[in-house]
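Please read the structure below before turning to the comments.
The values are calculated or read from the model by the stated rules, or taken from the named source; none is laboratory data. Small disclaimer: the values here were computed from a predicted structure and weren't measured. Here the Cβ is made from the backbone with ideal geometry for all residues, glycine too, and neighbour counts use every protein chain on show. When the accessible area is computed, the model is the full protein with side chains, heavy atoms only, and any ligands, DNA or RNA have been set aside. Shrake-Rupley method; radii C 1.70, N 1.55, O 1.52, S 1.80 Å.
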Amino acid sequence: MQKLKLKDLDVRGKRVLMRVDFNVPMEKGHITDDSRIRAALPSIEYVLSHGGSLILMSHLGRPKAKPEKEFSLAPCAKRLSELIKKPVAMAGDCVGTEVEKMAKGLKSGEILMLENLRFHSGEEAPDKDPAFVKSLAALGDCYVNDAFGTAHRAHASTAAIAKFFPNASAMGFLIEKEVEELSPLLTNPKRPFYAIIGGAKISTKIGVIKQLLQKVDALFIGGGMVYTFLKAGGIDIGASICENTSEIESLPRDKLRLPKDLVIADRFANDAKVKTVLANENIPPGWQGMDIGPQTIQEWSKELQNAATVFWNGPLGVFEMPHFANGTHRIAECLANAKAKTIIGGGDSVAAIEQMGLQKQFAHLSTGGGASLEFLEFGHLPGIDALTNK
Ligand code: AMP
């Protein structure tokens, strides 16, 4: 279904209520990575340069449905103001008479940042608090969702609000680009099409793995989820991370590629003792799998050279510890230099690629880990479904 896009809206003289994803990493009140704010700039600048005013809504972190200073969006408003070189007014809340007054007073080209939506329980449970959704909607004349990172959530600001603007709920440029990049993976990816899925837990990715197995030519499994497969195969996995093996029983195995060798450690620490073992060997008691091994890196790199399309989500080892980042880094380098069109599905894999400065060598780095996985699993997302049909 074609959805209304930001360029389809006439924003001149309108108050545009825009959901952005400013859920940035913070340390002691300082933003450590402003990429999510930068990612929203095209939509923000479009509205301002086309005569609209903006009311920006976002969540930040996980406050417990009440105001908590450490989760205030004020630092994001300040950073946005620096980036666009314009004042950004900060509201004391996201609903209420004071906020309504500020929103009504906005002139064309002006911006108001609402306070963290998750200071109210209605944001995550809109069905239980329809009044909250209504108060949010009352602030604007039209609605734009540009928060791809939360588009898999049916929250007040990401989905429920759209019904108040039945003819004027549009996707912003960021969501538009994400859909454009991810959709071909579901419909007609150039082949061979390979997926690489890493990360900690199989249970959080089993749905998308099942879907991808129907689309890909091969699916490479790395990270902590490897050990559930090894255990199911009767291998002792020592102290490695593991989940219930029933999770993987129904998976067809013909397209699955598991590592041939592994780097294991005697502790979950960067300075632990390490060994490289074959994946069909038992891991000694107390030792645990931390990364894919050198033979695996070599074999996968060779196979990935032939790929036309690659989708990658999740680190292949405990990449936060430099001694166990090798698999993730070497495969990132391989893909950066390969001819394949590679799409990175958000989260830690994007962080690893950015740490290495390789981001320009990838076709697309998704801004939503969970959202990109759910888009590939279900083919649609609540935050997009709710928007106006064209
Ligand atoms: P996810 O959010 O599911 O993509 O998981 C990312 C996390 O998986 C990162 O914090 C990694 O450290 C972790 N991870 C990757 N490989 C392993 C492993 N072998 N054992 C434990 N954790 C791992």
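Out of all the residues in the stretch 138-151, which are open to solvent by less than 10 Å² (accessible area, probe 1.4 Å) and part of a helix (DSSP H, G or I)?
Once the filter is applied, which keeps residues that are open to solvent by less than 10 Å² (accessible area, probe 1.4 Å) and part of a helix (DSSP H, G or I), the stretch 138-151 yields F148, T150.
Which pairs turn up if I take residues in the stretch 345-357 that are at negative phi and look for partners that are more than 14 Å from the ligand (Cβ to nearest atom) and β-branched (V, I, T) with beta carbon separation below 9 Å, at least 6 apart in sequence or on another chain?
V350/T367
Taking E82 as the residue in question, decide whether it is free of Cβ contacts under 8 Å to residues at least 12 places away in the same chain, in a helix (DSSP H, G or I), open to solvent by 30 Å² or more (accessible area, probe 1.4 Å) and farther than 22 Å from G149 by Cα. Can you show your working first?
On the way: free of Cβ contacts under 8 Å to residues at least 12 places away in the same chain: yes; in a helix (DSSP H, G or I): yes; open to solvent by 30 Å² or more (accessible area, probe 1.4 Å): yes; farther than 22 Å from G149 by Cα: yes.
Judged against the criteria, E82 is a match.
Which one of the conditions (1) over 16 Å from the mean Cα position of the chain (by Cα); (2) within 22 Å of L256 (Cα to Cα) does P284 fail to meet, given that it meets all the rest?
Condition (2) is where P284 drops out.
Sort through I353, I283 and tell me the only one that's closer than 29 Å to K231 by Cα, within 16 Å of the ligand (Cβ to nearest atom) and among the β-branched types (V, I, T).
I283
Output the residues belonging to the stretch 358-388 that are assigned to a loop (DSSP other than H, G, I, E, B) and touching a residue at least 24 places away in the same chain (Cβ under 8 Å).
Passing the criteria: L358, F362, A363, S366, T367, G368, G379, L381, A386, L387, T388.
Among the residues of the stretch 308-322, which ones are in a loop (DSSP other than H, G, I, E, B) and buried (at least 24 other Cβ atoms within 10 Å of the Cβ)? So that I can check it myself, show each step before the final result.
Start the filter on the stretch 308-322 by keeping residues that are in a loop (DSSP other than H, G, I, E, B), which leaves 308, 314-321.
If the condition is that a residue be in a loop (DSSP other than H, G, I, E, B) and buried (at least 24 other Cβ atoms within 10 Å of the Cβ), then G314, P315, L316, G317, V318, F319 are the ones that fit.
Pairs only if they're at least six apart or on different chains, beta carbon under 6 angstrom, first in the stretch 95-112 and surrounded by fewer than 19 Cβ atoms within 10 Å (Cβ to Cβ), second in a helix (DSSP H, G or I); list them, first residue then second.
Between residues of the stretch 95-112 that are surrounded by fewer than 19 Cβ atoms within 10 Å (Cβ to Cβ) and residues that are in a helix (DSSP H, G or I), the close pairs are G109/L48.
Taking the stated definitions as given, is K28 under 20 Å from D93 (Cβ atoms) and either among the charged types (D, E, K, R) or not assigned by TED's automatic domain parsing to the domain that holds F164 (or both)?
Numbers: under 20 Å from D93 (Cβ atoms): no; either among the charged types (D, E, K, R) or not assigned by TED's automatic domain parsing to the domain that holds F164 (or both): yes.
Considered against the rule, which asks whether it is under 20 Å from D93 (Cβ atoms) and either among the charged types (D, E, K, R) or not assigned by TED's automatic domain parsing to the domain that holds F164 (or both), K28 comes out as no.
Going residue by residue through the stretch 335-350, is there one that turns out to be within 30 Å of G233 (Cα to Cα), in contact with a Pro (Cβ under 9 Å, 6 or more places away or on another chain), of a type in the set (V, I, T) and open to solvent by less than 10 Å² (accessible area, probe 1.4 Å)?
no
For the structure I just gave you, tell me whether G327 is in the same structural domain as I209 (by TED's automatic domain parsing), surrounded by 22 or more Cβ atoms within 10 Å (Cβ to Cβ), among the small types (G, A, S) and not in a loop (DSSP other than H, G, I, E, B). Talk me through it step by step, then tell me what you get.
Values: in the same structural domain as I209 (by TED's automatic domain parsing): yes; surrounded by 22 or more Cβ atoms within 10 Å (Cβ to Cβ): yes; among the small types (G, A, S): yes; not in a loop (DSSP other than H, G, I, E, B): yes.
Answer is yes for this residue.
Please list, ordered by first then second residue, the pairs with beta carbon atoms under 6 Å, 6 or more apart or interchain, first in the stretch 276-298 and hydroxyl-bearing (S, T, Y), second more than 15 Å from the ligand (Cβ to nearest atom).
Pairs found: T296/K260.
Which of the residues that make up the stretch 215-248 are free of Cβ contacts under 8 Å to residues at least 12 places away in the same chain and part of a helix (DSSP H, G or I)?
Passing the criteria: only S246.
Under the condition of being within 12 Å of the ligand (Cβ to nearest atom) and open to solvent by less than 40 Å² (accessible area, probe 1.4 Å), which residue from the stretch 191-208 is farthest from S349 (Cα to Cα)?
Residues of the stretch 191-208 that are within 12 Å of the ligand (Cβ to nearest atom), as a first pass: 196-206, 208.
Subsequent filtering for residues that are open to solvent by less than 40 Å² (accessible area, probe 1.4 Å) retains 196-199, 202, 205-206, 208.
On the way: I196: 11, I197: 10, G198: 9, G199: 9, I202: 16, K205: 15, I206: 18, V208: 16 Å.
Selected residue: I206.
Scan L251, L212 and give me the residue that is of a type in the set (A, V, I, L, M), in contact (Cβ under 8 Å) with a residue 60 or more places away in the chain and open to solvent by less than 60 Å² (accessible area, probe 1.4 Å). Before you say what the answer is, go through the steps one by one.
Working: L251 fails: in contact (Cβ under 8 Å) with a residue 60 or more places away in the chain.
Every option except L212 fails the conditions.
Does L56 meet the test of being in a strand (DSSP E or B) and under 26 Å from T388 (Cβ atoms)? Reasoning before the result, please.
Values: in a strand (DSSP E or B): yes; under 26 Å from T388 (Cβ atoms): yes.
So L56 fits the description; yes.
Here are the criteria: (1) closer than 25 Å to E333 by Cβ; (2) open to solvent by 10 Å² or more (accessible area, probe 1.4 Å); (3) hydrophobic (A, V, I, L, M, F, W, C). Tell me which single one I264 does not satisfy.
That leaves (2) as the condition not met.
Being more than 20 Å from L258 (Cα to Cα), outside the structural domain of A137 (by TED's automatic domain parsing) and away from the ligand (no atom under 16 Å from the Cβ), is that true of even one residue in the stretch 305-314? Give the steps one after another, and end with the answer.
Initial filter on the stretch 305-314 (more than 20 Å from L258 (Cα to Cα)): 308.
With outside the structural domain of A137 (by TED's automatic domain parsing) added as a condition, the list becomes 308.
Now narrow it down to the ones that are away from the ligand (no atom under 16 Å from the Cβ): 308.
Yes, there is a match, as at least one residue in the stretch 305-314 is more than 20 Å from L258 (Cα to Cα), outside the structural domain of A137 (by TED's automatic domain parsing) and away from the ligand (no atom under 16 Å from the Cβ).
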